[in-house]
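Right, one structure below, let's go through it.
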Amino acid sequence: MAYRKFKADQLFDGHHLHGNDKVLITDDSGKVQSLVPVSEAGEDVQTFSGILSPGLINCHCHLELSHLKNVIPPHTGLIGFLCSVVTKREFPREVIDQEIINAEKEMYDNGIVAVGDIGNTADTAEVKSKSKIRWQNFVEVLSFTDEKANENIEHYKQVANTLKQKLQTSNLKHRTSLVPHAPYSISPKTFKLINELTKGQIISIHNQEHPAEDILYKTGGGDYLKLFKIFGIDQSPFPVTGLSSIRSVLPHFNNGQTIFLIHNTFMPEEDVVFAKEYANAHGLKLIWCLCINANLYIENKVPPVEMLMTHDCPIVLGTDSYSSNWQLSITKEMQSLKNKFPSLSIETILQWATINGAEALQWDKELGSFEKGKRPGIVLIDSKFESSKKML
Ligand SMILES: [Zn+2]
């Protein structure tokens, strides 16, 4: 068998950052054989400048929105942004399809090996069926009222079935689940149906991305009413609970799910404590997904990184979509985290981008670290986190 041997200025194994004294040995397909000291590696070691890392995991993306690249300007604020996204969906089919192709290739080339990908449609099915990236499809339900809950769920089940059927032909083990979009777009009955349909599955929900989300549940008012108007809804269709949004909606779940909480930009500490306690008491697993470039793009705001770390929240990274990012690169997400939080160690940020994402998506048997028998992909990241490149 032919072996490949790699070393670089630094080698990150998924857990720890090593210097240039370790060599990664794989077979031709990239299956990890061992990680050995230079003195034991023998000949033909390829040497690179930068950091060698296992393949990167993008836990939150919307591949189907790739045609919105450069369409919505930065810093509109979330409500203006959402109104733009829902009203700017009429694009020619060829443009939508081509931008999905381009974005998938961009992610593969920059070292992303698995994606948690949100979709309201099955527009991405064709590209995913031929992709070398692993896809956890989050078929995202939008369903504002209880009256329409059954009808809406039936519609999104069809979308999920289309994706599942199309992706069957792939030899990668993709997955598909139904997920709620956000607390401000899902009625109580719809939440109940999603909870029943997702026993033991991995799901996600956009969480506390704007202060208006809490105001909506606390008072029934606030800026989200502007979004509802676009859908012809004049008042909040949701119960006024007097509580924050996460306290109002997390109790809809009790079916053994792993739930990715996306963004958490305006999540106060007391709600983190609440969410962890609720999850522990009801058999849920919570994952905190940060998409810092999207937060900077939309609101010019950063998520409460230190506070989440204080509470030992499992953290993973996402790019969100081209409607709210300059690129789809986990490396650039790491760069922004390092810039905004200089005290964070590179090792910690790399863990979020690799092993934490693989564990959250339950693909850590194959991905996320350089351990014998895994085929996690090999990525070369330049030391300033400007760019990255898939090596194998
Ligand atoms: Zn999103």
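The values are calculated or read from the model by the stated rules, or taken from the named source; none is laboratory data. These figures come from a predicted structure and were not determined experimentally. Ideal geometry is used to build each Cβ from the backbone, glycine not excepted, and the neighbour counts take in all protein chains shown. For the accessible areas, the whole protein counts, side chains as well, though only heavy atoms, and no ligand, DNA or RNA atoms are used. Shrake-Rupley method; radii C 1.70, N 1.55, O 1.52, S 1.80 Å.
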Got a sec? Which of Phe341, Phe370 is of a type in the set (Phe, Trp, Tyr) and under 27 Å from Gln46 (Cβ atoms)?
-> Phe370
Filtering region 120-143 down to residues that are open to solvent by less than 10 Å² (accessible area, probe 1.4 Å) and under 14 Å from Gln158 (Cα atoms) yields Ala125, Asn137, Phe138, Val139, Glu140, Val141
Residues of region 182-216 being open to solvent by less than 10 Å² (accessible area, probe 1.4 Å), more than 16 Å from the ligand (Cβ to nearest atom), part of a helix (DSSP H, G or I) and within 25 Å of Leu290 (Cα to Cα), which ones?
-> Phe191, Ile194, Ala212, Leu216
For the subset of region 106-119 comprising residues that are more than 16 Å from the ligand (Cβ to nearest atom) and more than 16 Å from Leu172 (Cβ to Cβ), which member is most open to solvent (accessible area, probe 1.4 Å)?
-> Asp109
So which residues in region 234-267 are touching a residue at least 24 places away in the same chain (Cβ under 8 Å), open to solvent by 30 Å² or more (accessible area, probe 1.4 Å) and away from the ligand (no atom under 16 Å from the Cβ)?
-> Pro237, Pro239, Thr241, Gly242, Leu243, Arg247, Pro251, His252, Asn254, Asn255, Gly256
Unmet criterion (only one of (1) within 16 Å of the ligand (Cβ to nearest atom); (2) open to solvent by 10 Å² or more (accessible area, probe 1.4 Å); (3) among the hydrophobic types (A, V, I, L, M, F, W, C)) for Met309 | (1)
Residue in region 164-175 that is in contact (Cβ under 8 Å) with a residue 40 or more places away in the chain, open to solvent by 30 Å² or more (accessible area, probe 1.4 Å) and of a type in the set (Val, Ile, Thr) present | yes
Given the structure, is Glu151 outside any loop (DSSP other than H, G, I, E, B), more than 20 Å from Asn207 (Cα to Cα), charged (D, E, K, R) and within 16 Å of the ligand (Cβ to nearest atom)?
-> no
Hey, can you tell me all the residues within region 60-107 that are of a type in the set (Gly, Ala, Ser) and outside any loop (DSSP other than H, G, I, E, B)?
-> Ser66, Gly80, Ser84, Ala103
So, of the residues in region 268-279 that are under 14 Å from Thr310 (Cβ atoms) and out of contact with any helix residue (DSSP H, G or I) (no Cβ under 7 Å at 6 or more places or on another chain), which turns out to be most open to solvent (accessible area, probe 1.4 Å)?
-> Glu270
What is the number of the single condition among (1) in a loop (DSSP other than H, G, I, E, B); (2) among the hydrophobic types (A, V, I, L, M, F, W, C); (3) more than 20 Å from Leu286 (Cβ to Cβ) that Trp363 does not meet?
-> (3)
So which residues in region 312-333 are within 16 Å of the ligand (Cβ to nearest atom), hydrophobic (A, V, I, L, M, F, W, C) and either over 22 Å from Ile346 (Cβ atoms) or part of a loop (DSSP other than H, G, I, E, B) (or both), if there are any at all?
-> Trp326, Leu328
Could you say which residue among Ser343, Ser336 is in a helix (DSSP H, G or I) and away from the ligand (no atom under 16 Å from the Cβ)?
-> Ser336
